[in-house]
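Notes follow the structure.
The values are calculated or read from the model by the stated rules, or taken from the named source; none is laboratory data. Quick caveat, the model's predicted, so the values are computed rather than measured. Cβ: placed from backbone, ideal geometry, glycine included. Neighbour counts: every protein chain shown. Please note that ligands, DNA and RNA were not included when accessible areas were found on the heavy atoms of the full protein model with its side chains. Shrake-Rupley method; radii C 1.70, N 1.55, O 1.52, S 1.80 Å.
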Amino acid sequence: MDINDSVALVTGANRGLGRAFAQRLRERGARKVYATARRAETVDLPGVEALPLDITSPASVRAVAAAAPDVTLLVNNAGIQTGTDLVTGSLEAVRHEVETNVLGHLTMIRAFAPALARNGGGAVVNVLSAMSWFGTRGAGAYHLTKAAAWAMTNGVRLELAEQGTLVTAVHLGLADTDMSAGWPVDKIAPSDLADAALDGVEAGAAEVLADQWSRDVKSRLTLTPEEFNAAMDRALAALAA
């Protein structure tokens, strides 16, 4: 699809990657951009239509779908990272990440699929992570949700192909946002990530590996678990050095 003249809705658009998506969509000629956040008043971009949205609330999702029936591009960006381990961490925190990062995105897709079909098929972008493929201590819940979101994206892609809707999974290592502020390493600029994702949509790509880190991690998936874990330990140690 062509980003120019599209009608896009971006979740979590008040900061970080979501704000960059909304801004680049406007700059690339989108006819309309719905920029959503839990508190719509925190969206500060000119030229967008701010809407309140909590992706974990079915009622909120239904309301935003009714308010934006002309959407041709859905960008599922909103997400959380609680820093929770799976065995020893809070089970409520794990559930909260699953509700947001997996079921929240799926609820949005289910709500907007009929509109996308009516509007010619369109596209869905799911912002995932290189952590779809590996975990670390202190981020087991995040790894779980991103792996599940990757599987969900692959399944949704098969179902929505029947109505002509492209589903693009976007993976990245670290972007220069508040979530990664404590990591003194190279990070992709949010605007560059947004451009890579939107270029992928225009090219009809099912998957976008937006940076070298995500490309390196995926290239190791053919290794045995022992080999993969050793390679990731070396890569993470190099990052921390």
**Report entry** Selection from Thr36, Val167, Ala206 lying farthest towards where the dipole of the chain points positive, charges on Cβ
**Finding:** Thr36
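Tell me the per residue accessible area of the stretch 86-241 using a 1.4 Å probe; a whole number in Å² is fine.
Spelled out: the 1.4 Å probe surface of the stretch 86-241, per residue, equals 48 Å².
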Query raised in the report: Looking at [x] 54, 41, 32; [y] 48, 40, 33; [z] 48, 37, 34, which value of Cα extents along the principal axes in Å comes from a calculation on the structure shown?
Result: [z]
Query raised in the report: Between the helical axis of 105-118 and the dominant principal axis of the chain, each derived from Cα atoms, what acute angle in degrees is found, rounded to the nearest 10?
Result: 30 degrees
Report summary line: Quick calc, the chain, dipole around Cα centre from Cβ unit charges on Lys, Arg (+) and Asp, Glu (-), nearest 20 debye, gives 340 debye
Report task. Tell me the label-point distance for the pair Ala238, Ala59, using the 7 Å Cα-to-Cβ offset, in nm and rounded to one decimal. Result -> 5.1 nm
Query raised in the report: If you place +1 on the Cβ of every Lys and Arg and -1 on the Cβ of every Asp and Glu, how big does the dipole about the Cα centre of the stretch 197-241 come out, in debye to the nearest 20?
Result: 120 debye
Query - Between 0 and 90°, nearest 10: helix 225-240 axis offset from the chain longest Cα axis - result: 80 degrees
Requested in this report: Quick one: pull the percent of accessible area on the stretch 98-241 belonging to carbon and sulfur, 1.4 Å probe, ligands and nucleic acids left out.
Outcome: 55 percent
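Under a point-charge model restricted to the Cβ atoms of Lys and Arg (+1) and Asp and Glu (-1), what is the dipole moment magnitude of the stretch 61-181 relative to its Cα centre, in debye to the nearest 20? Please list the in-between numbers first.
On the way: 7 positive and 9 negative charges, 43 e Å.
So the dipole magnitude of the stretch 61-181 works out to roughly 200 debye.
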Requested in this report: Take the stretch 70-133, drop everything but the C-alpha atoms, weight them equally and run the Debye formula without solvent; then report log10 I(q)/I(0) at 0.15, 0.22 Å⁻¹ to two decimals.
Outcome: -0.55, -0.89
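Please report the net charge: other residues with Cβ closer than 10 Å to the Cβ of Leu193, K and R +1, D and E -1.
Numbers: positive: Arg24, Lys187; negative: Asp176, Asp192, Asp195, Asp211.
With Lys, Arg at +1 and Asp, Glu at -1, the net is -2.
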Report summary line: For the chain, the charge dipole (Cβ of Lys, Arg +1; Cβ of Asp, Glu -1; about the Cα centre) points to a positive end, and the Cα of Ala230, Ala63, Ala189 closest to that extreme belongs to Ala63
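In nm, what is the difference between 0.36 nm times the number of residues separating Val87 and Ala151 and their Cα-Cα distance?
Details: separation 64, 0.36 × 64 = 23.04 nm, distance 2.21 nm.
Here the answer is 20.8 nm.
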